[in-house]
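Shown next, in structure tokens, is the structure this report addresses.
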Amino acid sequence: MKRLGMILAVLIIAAGAWVDWSYRAARTELAEIGSRLPSEEALNAMPLNETVEKLKQAMADCQRVESLTWNPLTRLLKGDEIKSLAEHCELIKSRQDSLEGP
């Protein structure tokens, strides 16, 4: 019986550590991504060659946002922030598509 209690305690501690790690990792990663993504006004003010470069960097960050949407715990804890960043990434992607042309 003690062995079962120890196993259960270890599982509960591991689950709690995973929840804590997921929350902290999502918080810092979302802050990093949000600070690096250029705003619509900044993209409008940039010259074309700089805009293309920034869009490439932004698309790499948008891939990270997409990976966050697959983790159900981060979606539960930071769903609104992830959704707003994903919408911003959609705008960036459409901007990049318009620069590339048909």
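Laboratory data are not the source of any read-out in this text; all were calculated from the coordinates shown. In this text the structure is predicted, and so the values were computed from the model without any measurement. No Cβ is skipped: glycine too gets one built from the backbone with ideal geometry, and neighbour counts run over all protein chains shown.
Here are the numbers for this structure:
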| item | result |
| --- | --- |
| From R3, R75, residue being out of contact with any Phe, Trp or Tyr (no Cβ under 7 Å at 6 or more places or on another chain) and surrounded by 10 or more Cβ atoms within 10 Å (Cβ to Cβ) | R75 |
| All positions within the range 16-54 that are farther than 19 Å from G79 by Cα and of a type in the set (A, V, I, L, M, F, W, C) | A17, A42, L43, A45, M46, L48, V52 |
| Pair list, Cβ under 7 Å, 6 or more apart: the range 74-86 residue without any contact (Cβ under 8 Å) to a residue 40 or more places away in the chain, other residue in a helix (DSSP H, G or I) and of a type in the set (S, T, Y) | R75/T69; A86/T69 |
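Quick grid of which residues meet (1) surrounded by 13 or more Cβ atoms within 10 Å (Cβ to Cβ); (2) in a loop (DSSP other than H, G, I, E, B); (3) out of contact with any strand residue (DSSP E or B) (no Cβ under 8 Å at 6 or more places or on another chain):
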| position | (1), (2), (3) |
| --- | --- |
| S35 | no, no, yes |
| P38 | yes, yes, yes |
| E53 | no, no, yes |
| A58 | yes, no, yes |
| S67 | no, no, yes |
| L85 | yes, no, yes |
| S94 | no, no, yes |
